[in-house]
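This report concerns only the one structure given below.
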Amino acid sequence: VKETGKNGYQLFTKNMNEKVQTRVSLERELRRAVQQGEFDLVYQPKVSLSTGRVTGAEALIRWNKDGRIVSPQDFIPVAEETGHIIAIGRFVLNKACEDAVKWHKLGFKDLDVAVNLSARQFRDENLIDSVCGIIDSTGIDPRLLGLEITENTMMEDIQTTIIALAHLVQRGVKISIDDFGTGYSSLSYLKKFPIHVLKVDRQFIKDIPDDTDDIAISTAIINLAKGLNLQVVAEGVETQEQLDFCREHGCDGIQGYFFSRPLSCDAFMELLLSGRTL
Ligand code: C2E
Ligand code: CA
Ligand code: CA
Ligand code: CA
């Protein structure tokens, strides 16, 4: 028993060491990645359910690390903890606005672009100046820029969040609540925040139509959004049934593999030029 216990302990420390090692090298690599421009954006089309047309896209970051693509889930948390997210976030916002201006010049004048903001960025006192500076330097119409914030980010410091959001909204940008229903917000806060769009998380969409609980939850979220006069967009729509569900329940728009996976900027522009609709 003693033997096993000791081995168990050794295994545990080895595991811990490996984790710390991975983290330390990831930190170093992230710094290099920012400096050497190893990040890129892909765009997932958003489609209107009333017209079937592409209305815009969500920018999603990709890290091209030595020829291998690393998913944001594997590095955004470390980037947040180490503060690299500030530089990364600035890159994302700037590139997304530049690319959107390209689409507008191509003749797709109403397309919007949405960028994900992490909690740490939201706590950065330079955020508003940074966003406004990028709006000015890229020349994007701020009404075509959306910022996606999770409900947990909003709840971290409610008063600061409301003030920051109010500034951004005054500048003309649109605010979406991302991953709605997966976090810790109280419904009563919804009416206090200046927001425009509520996104139904993929978690509630992915098992429709089999899971009746998810049908109930998604229906409730959609109705809540409509009651509050917010736009509602469902994410992670992969099947015809899920699309039908969203349409029948009055979602304004959808994103998901059913219509398109995230695309490179060039591939997204090809999609636009093809005129493909839902
Ligand atoms: P999110 O904001 O909820 O983005 C949606 C995620 O679902 C994306 O994963 C997207 O590729 C994926 N997705 C979209 N449609 C489908 C579908 O039909 N089926 C399935 N299985 N997945 C679908 P991705 O690109 O790996 O991003 C993961 C998360 O990383 C994002 O979740 C977001 O929280 C974060 N993230 C991505 N880019 C950025 C960024 O530039 N800045 C920050 N702060 N976070 C980012
Ligand atoms: Ca998002
Ligand atoms: Ca989301
Ligand atoms: Ca999500």
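The values are calculated or read from the model by the stated rules, or taken from the named source; none is laboratory data. Model, not experiment: these values are computed from the prediction. For neighbour counting, all protein chains shown are included, and Cβ atoms are generated from backbone atoms with ideal geometry for every residue, glycine included. The protein model used for the area step is the full one, side chains on, heavy atoms only, and it has no ligands, DNA or RNA in it. Shrake-Rupley method; radii C 1.70, N 1.55, O 1.52, S 1.80 Å.
Here are some notes:
- A full extension of the chain between Glu270 and Lys109 corresponds to an added length of 56.4 nm, given 0.36 nm per residue minus the alpha carbon distance.
- Net charge contributed by nearby residues that have their C-beta within less than 14 Å of Asp157 (K/R +1, D/E -1): -1
- Ordering 54-62, 238-246 by mean Cβ neighbour count within 10 Å, with the highest value first, yields 54-62, 238-246.
- Residue-level accessible surface for Leu278, protein heavy atoms, 1.4 Å, Å²: 60 Å²
- Per-residue HN-Hα couplings for the range 41-46 [Karplus 6.51, -1.76, 1.60; θ = phi - 60°; Hz; x = Gly/Pro]: 10, 10, 10, 9, x, 10
- Per residue, the solvent-accessible area of the chain (1.4 Å probe, heavy atoms of protein chains only, all protein chains present) comes to 52 Å².
- Note, ³J(HN,Hα) from phi for the range 125-141, Karplus 6.51, -1.76, 1.60, rounded to Hz, x at Gly and Pro: 5, 8, 4, 5, 4, 5, 4, 5, x, 6, 4, 5, 6, 8, x, 5, 5
- Tyr257 accessible area, 1.4 Å probe, all protein chains in place, Å² to nearest 10: 110 Å²
- Here the gap between Thr212 and Asp136, fully extended at 0.36 nm per residue and compared with their Cα-Cα distance, gives a gain of 22.6 nm.
- Ligands, DNA and RNA left out, the accessible area of the chain computed with a 1.4 Å probe is 50% carbon and sulfur.
- Annotation: amide H-H contacts under 5 Å for Ile175 (H modelled 1.01 Å from N, sequence separation of 5 or more, or interchain): Leu147, His196, Val197.
- Nearest-10 value in Å² for the accessible area of Val113, using the 1.4 Å probe: 0 Å²
- Label point 7 Å beyond Cα of Ile158 along Cβ direction - residues of the range 174-213 with amide nitrogen under 17 Å: 181, 183-195
- For the range 85-101, the Karplus equation 6.51 cos²θ - 1.76 cosθ + 1.60, evaluated at θ = phi - 60°, returns couplings of 4, 5, 5, 5, x, 5, 4, 4, 4, 5, 5, 4, 5, 4, 5, 4, 4 Hz by residue, with Gly and Pro reported as x.
- Each of Leu272, Ala220, Thr161 was placed along the dipole of the range 147-278 (beta-carbon charges, centred on the mean Cα), and the one lying farthest toward the positive end is Thr161.
- Helix 158-170 and the long axis of the chain differ in direction by around 40°, with both axes built from C-alpha atoms.
- His196-Lys19 FRET efficiency (beta carbon distance; Förster radius 41 Å; 0.05 resolution): 0.55
- Placing +1 on the Cβ of every Lys and Arg and -1 on the Cβ of every Asp and Glu, with nothing else charged, gives the chain a dipole about its Cα centre of roughly 560 debye.
- Dividing the helix sum by the residues of the chain, where each DSSP H run of 4 or more adds -39500 (n - 2.57), gives a mean residue ellipticity at 222 nm of -16000 deg cm²/dmol.
- Interchain or long-range residues, amide H under 5 Å from Glu58's placed H: Gln44, Lys46, Ala114
- Lys65 long-range amide H proximity, modeled H, under 5 Å: Val70
- Two-site label geometry, Glu27 and Asp244: point separation in nm, points 7 Å out along Cα→Cβ: 5.3 nm
- Of Lys109/Lys199; Lys105/Lys174; Lys174/Lys226, those spanning more than 19 Å from alpha-carbon to alpha-carbon: Lys109/Lys199; Lys105/Lys174
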